[in-house]
Amino acid sequence: MQRVLVIDKHKRPLMPCHPARSRELLKAGKAAVFRRFPFTIILKEREGGDTQPVALKIDPGSKTTGLTLVADFQTGKQVIWAAELTHRGQAIRDALLSRRQQRRSRRQRKTRYRAARFNNRRRAAGWLAPSLQSRVENISTWVVRLAWKCPLASISQELVRFDMQLMQNAEISGIEYQQGELQGYEVREYLLEKWGRQCAYCGVKDLPLEVEHIIPKTRGGSHRVSNLSLACHDCNKEKGTQTAAEFGHPEVQAKAKQPLRDAAAVNATRWALFERLKLTGLPVESGTGGRTKFNRIHHGYPKAHWIDAACVGESGGTVKLSATHRPLLIKATGRQSRQMTRPDQYGFPRTAAKISSTAYGFKTGDLVQAIVPKGKHAGTHVGRVAIRKRPSFALKGFDVHPKYLKVLHRSDGYSY
Ligand SMILES: [Zn+2]
């Protein structure tokens, strides 16, 4: 059950409560709704109260990030709130690309020749592409939003897919990877990354892949990760006791010897997020993807972003959750558009310059309730409002005068 976040009259966090309790409090007038998303109530009289430590656990993904609050009760660790945050990396990339192309064509149209001008800009250390930076900002926004509505004691983040340090050492110094089941998961994650999640021999995808020895064990092949690849069941069976070269795939043998170099770059966003989370001053636990999967499969939990988040790190080994828990779905939408006017396909201005997006205390994107007393659209409507120039705003395909509107949730760059 998704718990309700609670703050006291001085807006300090209290222990999240059961939704039935919050309904009681709201009905008795002892509390008021403070935010719709995430649902938060403010107690009118209470000051302070007992809290148990709550951990925020994060599984950052390229499309969707899992965010889960885990309370450390006397009965054990329990998921009390979860969300899945969908990023807008691709939308940012597309917008920047189209702007760049229009600018390019505008500058090259009917102009004299100018010497090429490039390579004359600098990027700050730790620069990330805007689409990646937006993911870091999305997550840290939500960490801040949760941190003051909930008694956070620690943060856990999945930092890397697999333990690079262990892996590199394994490939360089040849430590055998037979030190228990957990290492097996780390090795598998590493191999999935290295072989692009497909069979190294026939390239088939979306089939169960088996860890396979390039030089078979029976021919003296080792258990080192540099001797391992992934094959589908059929290829593995067909290859039998042949080496990869004998099986007609010398390139597999060559690729296996190269350590995975770009893994560090793949993980750049996660490291940037890790540095950002440390700035909160809370203890930050880091975990690997191998560990997350190990924890999740040992509990028999299904795959979901919020469940992966709950299973992050060492503390994820004992977490309890209900698979029917419904997480809050959050989608990053951005706040406004920087464009002053919409261009046509050639980059020429197509519309009038944009007008203000705020009027009469409302802003485009605010979630509002409209109670229209009479006319064709009489009744109660809930939706996102769009500001128009005349004092009558667009709501769900018709116009409503602002005097009938009440804000339920301010536009905050996300949709729910
Ligand atoms: Zn195959």
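The values are calculated or read from the model by the stated rules, or taken from the named source; none is laboratory data. Everything numeric here is computed off the predicted structure, so don't read it as measured data. Virtual Cβ from ideal backbone geometry, glycine too; neighbours counted across all protein chains shown. We work out accessible area using only protein heavy atoms, side chains counted, and drop any ligands, DNA or RNA first. Shrake-Rupley method; radii C 1.70, N 1.55, O 1.52, S 1.80 Å.
Which one of Ala95, Ala28, Ala71, Ala116 is open to solvent by less than 50 Å² (accessible area, probe 1.4 Å) and not aromatic (Phe, Trp, Tyr)? Give the steps one after another, and end with the answer.
On the way: Ala95 fails: open to solvent by less than 50 Å² (accessible area, probe 1.4 Å); Ala28 fails: open to solvent by less than 50 Å² (accessible area, probe 1.4 Å); Ala116 fails: open to solvent by less than 50 Å² (accessible area, probe 1.4 Å).
Testing whether each residue is open to solvent by less than 50 Å² (accessible area, probe 1.4 Å) and not aromatic (Phe, Trp, Tyr) leaves just Ala71.
Do you know which residues across region 93-130 are of a type in the set (A, V, I, L, M, F, W, C) and within 25 Å of the chain's Cα centre (by Cα)? Show your work before the answer.
Taking region 93-130 as the starting set, the residues that turn out to be of a type in the set (A, V, I, L, M, F, W, C) are 95-97, 115-116, 118, 124-125, 127-129.
Those that are of a type in the set (A, V, I, L, M, F, W, C) and within 25 Å of the chain's Cα centre (by Cα): Ala95, Leu96, Leu97, Ala124, Ala125, Trp127, Leu128, Ala129.
Look at region 202-220: where a residue is open to solvent by 100 Å² or more (accessible area, probe 1.4 Å) and at pLDDT 85 or above and a partner is charged (D, E, K, R) and not in a helix (DSSP H, G or I), sitting 6+ places away or on another chain with Cβ atoms under 7 Å, you get Lys205/Arg197.
It is to be established whether one or more residues within region 224-238 are assigned to a helix (DSSP H, G or I), open to solvent by less than 50 Å² (accessible area, probe 1.4 Å), within 13 Å of the ligand (Cβ to nearest atom) and modelled with pLDDT of 90 or more. Please lay out each step first, then the result.
Step one: of region 224-238, the residues assigned to a helix (DSSP H, G or I) are 225-227, 233-238.
Among the residues that remain, those that are also open to solvent by less than 50 Å² (accessible area, probe 1.4 Å) are: 225-227, 235-236.
Okay, now just the ones that are also within 13 Å of the ligand (Cβ to nearest atom), so 235-236.
Subsequent filtering for residues that are modelled with pLDDT of 90 or more retains 235-236.
Within region 224-238, one or more residues are assigned to a helix (DSSP H, G or I), open to solvent by less than 50 Å² (accessible area, probe 1.4 Å), within 13 Å of the ligand (Cβ to nearest atom) and modelled with pLDDT of 90 or more.
Selection within region 162-201: residues that are among the hydroxyl-bearing types (Ser, Thr, Tyr) and away from the ligand (no atom under 16 Å from the Cβ). The member of this set that is modelled with the lowest pLDDT is Ser173.
Open to solvent by less than 80 Å² (accessible area, probe 1.4 Å) and within 27 Å of Phe274 (Cβ to Cβ) - does that describe any residue in region 102-111?
Narrowing region 102-111 to residues open to solvent by less than 80 Å² (accessible area, probe 1.4 Å): 102, 105, 111.
Remaining after also requiring within 27 Å of Phe274 (Cβ to Cβ): none.
No: zero hits.
In a residue-by-residue description of region 264-287, the property of being modelled with pLDDT under 90, in a strand (DSSP E or B) and closer than 20 Å to Arg161 by Cα applies to at least one position. Is it fair to say Gln78 is outside any strand (DSSP E or B) and open to solvent by 30 Å² or more (accessible area, probe 1.4 Å)? Here the answer is no, as Gln78 does not meet what is asked. Cβ separations smaller than 7 Å between residues 6+ apart or across chains give the following pairs from region 1-30 residues that are touching a residue at least 12 places away in the same chain (Cβ under 8 Å) and among the acidic types (Asp, Glu) to residues that are assigned to a loop (DSSP other than H, G, I, E, B) and open to solvent by 20 Å² or more (accessible area, probe 1.4 Å): Asp8/Arg46; Asp8/Glu47; Asp8/Gly48; Asp8/Gly49. Taking region 50-76 as the range and being modelled with pLDDT of 95 or more and either of a type in the set (D, E, K, R) or more than 18 Å from Arg145 (Cα to Cα) (or both) as the test, only Lys57 passes. Within region 336-354, residues that are of a type in the set (Asp, Glu) have Cβ atoms under 6 Å from residues that are at pLDDT 85 or above in these pairs: Asp344/Arg350, counting only partners at least 6 apart in sequence or on another chain. Just wondering, is there one or more residues in region 376-395 that are outside any loop (DSSP other than H, G, I, E, B), without any contact (Cβ under 8 Å) to a residue 12 or more places away in the chain, over 30 Å from Met1 (Cβ atoms) and open to solvent by 50 Å² or more (accessible area, probe 1.4 Å)? There is no residue in region 376-395 that is outside any loop (DSSP other than H, G, I, E, B), without any contact (Cβ under 8 Å) to a residue 12 or more places away in the chain, over 30 Å from Met1 (Cβ atoms) and open to solvent by 50 Å² or more (accessible area, probe 1.4 Å). Screening Arg326 against (1) touching an Asp or Glu at 6+ places or on another chain (Cβ under 9 Å); (2) open to solvent by 80 Å² or more (accessible area, probe 1.4 Å); (3) within 30 Å of Gln74 (Cα to Cα); (4) of a type in the set (D, E, K, R) leaves a single unmet condition, (1).
Please determine whether any residue of region 45-62 is surrounded by fewer than 19 Cβ atoms within 10 Å (Cβ to Cβ), part of a strand (DSSP E or B) and touching a Lys or Arg at 6+ places or on another chain (Cβ under 7 Å). Looking for residues that are surrounded by fewer than 19 Cβ atoms within 10 Å (Cβ to Cβ), part of a strand (DSSP E or B) and touching a Lys or Arg at 6+ places or on another chain (Cβ under 7 Å), one finds none in region 45-62, hence no.
Yes or no: region 239-253 includes at least one residue that is within 16 Å of the ligand (Cβ to nearest atom), open to solvent by less than 70 Å² (accessible area, probe 1.4 Å) and of a type in the set (Lys, Arg). Yes; the residues of region 239-253 include at least one that is within 16 Å of the ligand (Cβ to nearest atom), open to solvent by less than 70 Å² (accessible area, probe 1.4 Å) and of a type in the set (Lys, Arg).
Examine region 71-87 for a residue that is in contact with a Lys or Arg (Cβ under 7 Å, 6 or more places away or on another chain) and at positive phi, and state whether such a residue exists. Within region 71-87, one or more residues are in contact with a Lys or Arg (Cβ under 7 Å, 6 or more places away or on another chain) and at positive phi. Residues that are assigned to a loop (DSSP other than H, G, I, E, B), at pLDDT 90 or above, open to solvent by 50 Å² or more (accessible area, probe 1.4 Å) and hydrophobic (A, V, I, L, M, F, W, C) do not occur anywhere in region 340-352. State whether one or more residues within region 267-275 are under 14 Å from Tyr190 (Cβ atoms) and open to solvent by 40 Å² or more (accessible area, probe 1.4 Å). So far as region 267-275 goes, no, none of its residues is under 14 Å from Tyr190 (Cβ atoms) and open to solvent by 40 Å² or more (accessible area, probe 1.4 Å). On the stretch given as region 134-159, residues that are open to solvent by 20 Å² or more (accessible area, probe 1.4 Å) and either of a type in the set (A, V, I, L, M) or modelled with pLDDT under 70 (or both) total 4. Of all residues in region 202-223, those satisfying the criterion of being within 16 Å of the ligand (Cβ to nearest atom), in contact with a strand residue (DSSP E or B) (Cβ under 9 Å, 6 or more places away or on another chain) and not charged (D, E, K, R) are Cys202, Val204, Leu207, Pro208, Leu209, Val211, His213, Ile214. Filter region 111-133 down to residues that are outside any loop (DSSP other than H, G, I, E, B) and out of contact with any Lys or Arg (no Cβ under 9 Å at 6 or more places or on another chain) and give me whichever is modelled with the highest pLDDT. Per the stated criteria, the residue is Gln133.
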